[in-house]
Amino acid sequence: MTSSAELVLDGLARRYGSTTAVARMDLTVAAGELVALLGPSGCGKTTTLRMVAGFIEPSAGRILLRGQDITTMPAHRRDTGMVFQSYALFPHLSVAENIAFGLKRRGVPKPDLAVRVARMVALLKLQGLEARLPRQLSGGQQQRVAVGRALVINPAVVLLDEPFSNLDALLREGTRIELRRLQTELGLTTLFVTHDQAEAMAISDRIAVMNQGRLEQLGTPREVYERPATRFVATFIGRANLFASRDGRSEDGIPLDGPDGTLVLRPERVVLDDAPAAGPNAVSGTVEVLSFLGTGTQAVLRLDGGRALLVEGPAALADHFRPGSRATARWMRADLVALPAEG
Amino acid sequence: MTSLRSPLGWVLRALALLGFIYLLGPLLVIVAASFSDTGYLAFPPQGFSLRWYQAALADARYLNGFFVSLRLAAMVAALSLLVGTAAAVALTRFAFPGSVLLEALFLSPLVLPALVLAVALTLFFAANPIAPPGMTRLVVSHLLVGVPMVLRVMLPVLRRVDPAIEEAARNLGASPVKAFLLVTLPALRPGLVAAAALAFIFSFDEVEMALFLGSVRDAPLTVVLYGAAQMQMDPTVAAVSSLLILLALLLMVAQQVYANR
């Protein structure tokens with residue numbers, strides 16, 4: 001993988017009247033890299049993607065694609081391939097014609113066009129369906145046609161707008177692994193919008209976490225999970241127990257052996273046992289909820305101070321404790337991750 | 001779900017059959033009477049003859065009326081399609097203040113009795129002779145119903161078509177005009193055909209406004225028929241009516257075949 005900047009968003013912003021949809025977004029996507037724009041609905045991720053596609057005009061900032069300023073270029077001249085959330089397949093065209101649409105607009109000669117469509121059909125395992133209309137396909141097949149239609153034109157950047165949200169859970173996981181494999185093999189530079197943090201973690205090189213139009217943190221999945229930059233990132237990606245620590249105590253009096261400031265404690269770092277609590281980083285309470293999940297057990301420990309502490313442990317946790325049992329939660333100093341001081 | 005074989009299923013079948021007889025019975029009477037070998041309208045028909053069809057096709061009044069109606073219906077269908085579709089696009093693609101009210105207003109002529117419209121328009125044109133009597137007045141008047149009809153068909157069609165397909169086309173390199181022509185228009189085509197067929201049949205079969213607003217010289221077929229039914233009432237009237245029924249049937253079947261292709 002080369003690390004040249006393929007797509008650059010430079011102070012990109014979009015305002016609607018007095019509301020800010022996207023506020024001064026800076027983001028560089030390297031060639032062959034998959035970057036996820038992750039956030040809750042209304043965070044500006046889709047607006048950002050649509051500005052790159054050319055469907056929304058930015059209020060400020062620039063978009064550079066392969067070094068060329070495309071900020072004011074009309075959508076149909078931009079070298080982007082977009083997969084829509086609804087797939088947006090052309091209902092009156094067959095699978096093959098849908099895939100060939102972009103090649104025809106580019107004036108690709110017929111023999112070459114047929115070869116490229118056939119190659120994409122094979123790559124996406126759509127053989128035998130070429131003559132079908134979109135409404136005669138299953139949801140998963142429609143999704144693959146939408147992907148093929150965007151990839152066949154070999155765009156400088158692939159734009160994915162929640163491409164898995166209309167698939168059922170089982171299909172979704174297989175499809176996203178398949179798409180990631182395709183993206184890596186073909187070295188596609190990709191911007192991927194999703195609200196699903198598990199999806200973003202699973203297939204992204206880097207994640208741009210967005211909230212209320214602002215870029216909260218940009219980093220690899222491990223970085224945003226293990227070293228969240230803000231309270232929002234800590235709670236949006238994975239689950240978290242948060243402590244406001246001062247002079248070795250949390251705001252609700254739990255003894256903490258860690259730095260001052262806002263501390264993040266991930267539930268899977270917490271260990272439960274039935275010995276009494278002694279010293280810092282240990283606290284007792286009553287087990288309130290135990291959920292057996294197959295791969296592990298989630299528990300909610302109601303602390304004596306009133307706080308609900310989230311715990312994730314091995315499946316065997318369900319054998320040792322029952323709802324109503326007394327338990328002590330413990331963790332290590334290194335498990336407490338301090339958030340950078342927030343402005 | 002009730003099985004069609006259960007006792008209730010048989011009751012439902014019988015009800016459906018009665019419904020069909022009620023709806024189609026009068027048409028069968030007219031068609032049957034048109035083949036009668038008598039000099040007056042008779043049902044059940046006596047004998048079998050095609051001479052009333054011969055007479056109808058030889059009669060210049062009917063033939064002239066047919067071509068007047070054809071011209072009228074074609075113009076009404078084309079203009080209704082243009083105005084109605086444009087209005088439907090505006091109502092579905094752009095949310096603007098009062099759009100819901102406007103939609104209800106646009107559809108309201110559909111619920112007015114044609115006679116009320118005919119009388120109102122006669123008074124209006126008498127006070128404001130902005131169009132000469134005859135074809136122009138009829139086209140303008142029929143649009144009052146033709147446009148809402150097209151709107152009625154196109155609103156749900158447009159709401160069902162994914163607005164993202166036009167963006168997808170642009171994303172793949174089609175200019176906005178090309179995207180509309182290559183993707184949006186073909187996606188709307190079955191709806192457009194249905195809407196045009198409805199407006200055409202409405203205008204072709206319309207009596208009240210044609211009677212009140214048409215000119216005597218260029219009378220549409222329905223007006224000629226109305227006159228004939230009052231004057232002589234021979235089976236020629238039934239023959240022409242049967243031909244009209246056949247034409248409407250062919251149009252509807254063609255539209256259905258096209259839609260289910």
Per-residue average of Cβ from other chains inside 10 Å of A:76-83: 4
Among the lysines, which have Cα under 30 Å from the Cα of A:Lys104 when same-chain residues fewer than 8 positions away are ignored? A:Lys125, B:Lys178
What number comes out for the charge environment of A:Leu113, summing +1 per Lys or Arg and -1 per Asp or Glu over other residues with Cβ under 12 Å away? +4
For chain B, with a Gaussian network of springs between Cα atoms less than 10 Å apart, report the residue from B:Val223, B:Val240, B:Val119 with the top mean-square fluctuation. B:Val119
In the protein assembly as shown the DSSP beta bridges are antiparallel at a rate, in percent to nearest 5, of 75 percent
Take the range B:59-259, compute every pairwise Cα distance, and split them into 5 Å bins from 0; I just need the percent in each bin. 1, 7, 13, 16, 17, 15, 11, 8, 5, 4, 2, 1, 0, 0
The range B:1-63, relative contact order in percent, only Cα pairs under 8 angstrom and at least six apart counted: 17 percent
Pick from A:Ala315, A:Ala21, A:Ala31: which residue has the top mean-square fluctuation in a GNM of chain A where Cα pairs under 10 Å get a spring? A:Ala315
Alpha carbon centre of the range A:140-169 versus the range A:1-73: separation in Å? 19 Å
Once normalised by the length of the range A:5-235, the mean sequence separation of its alpha carbon contacts under 8 Å that are 6 or more apart gives a contact order in percent of 28 percent
State the Kirkwood hydrodynamic radius of the protein assembly as shown in Å, one decimal place, computed from all pairs of distinct Cα atoms. 30.5 Å
Rounded to the angstrom and largest first, Cα extents along the principal axes for the range A:183-239 equal 36, 23, 16
Relative to 2.2 N^0.38 Å, what does the C-alpha radius of gyration of the range B:92-202 come to as a ratio? Two decimals please. 1.37
Which three extents, in whole angstrom, do the alpha-carbon atoms of the range B:2-48 cover along their principal axes, largest first? 51, 16, 9
Show me the ranking of peptides A:196-206, A:245-255 by mean Cβ neighbours inside 10 Å, starting with the highest. A:196-206, A:245-255
Wrap a convex hull around the Cα atoms of the range A:240-338, take a quarter of its surface area, and give that in square nanometres. 5.5 nm²
Karplus 3J(HN,Hα) series, Hz, for the range A:47-52 with 6.51 cos²θ - 1.76 cosθ + 1.60 (x for Gly, Pro): 4, 4, 4, 6, 5, 5
I'd like the Karplus ³J(HN,Hα) series for the range B:127-135: coefficients 6.51, -1.76, 1.60, θ = phi - 60°, whole numbers in Hz, and an x wherever there's a Gly or Pro. 7, 10, x, 7, 9, x, x, x, 3
Percent RCO, i.e. relative contact order, over the range B:1-146, from Cα pairs under 8 Å lying at least 6 residues apart: 16 percent
Alpha carbon centroid spacing (whole Å) that separates the range B:10-49 from the range A:266-343: 83 Å
Burial ranking of peptide ranges A:10-17, B:93-100 (average Cβ count within 10 Å, highest at the top): A:10-17, B:93-100
Averaged over B:176-185, how many beta carbons belonging to a partner chain fall within 10 Å of each residue's beta carbon? 2
How many partner chain Cβ atoms sit within 10 Å of a residue's Cβ in peptide A:87-94, on average, as a whole number? 6
Among B:154-163, A:49-58, how do they line up by average Cβ neighbours within 10 Å per residue, starting with the highest? A:49-58, B:154-163
Fewest-first ranking of A:Val8, B:Val153, using other Cβ atoms within 10 Å as the exposure measure: A:Val8, B:Val153
Name the residue, out of A:Pro267, A:Pro314, A:Pro228, whose mean-square fluctuation peaks in a Gaussian network model built on chain A with Cα pairs under 10 Å. A:Pro314
Using the count of nearby Cβ atoms within 10 Å as a rough guide to exposure, how do A:Val264, A:Val271, A:Val287 rank from fewest to most? A:Val271, A:Val287, A:Val264
Mind checking the angle between helix A:139-151 and chain A's longest principal axis? C-alpha axes, 0 to 90 degrees, to the nearest 10. 60 degrees
Residue order, fewest to most surrounding Cβ atoms within 10 angstrom, among A:Leu263, A:Leu113, A:Leu38: A:Leu113, A:Leu263, A:Leu38
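Read the figures in this text as sums done on the coordinates, not as results from a lab. This is a predicted model, so every value here is computed, not measured. All Cβ positions, glycine included, derive from the backbone under ideal geometry; neighbour counts span all protein chains shown.
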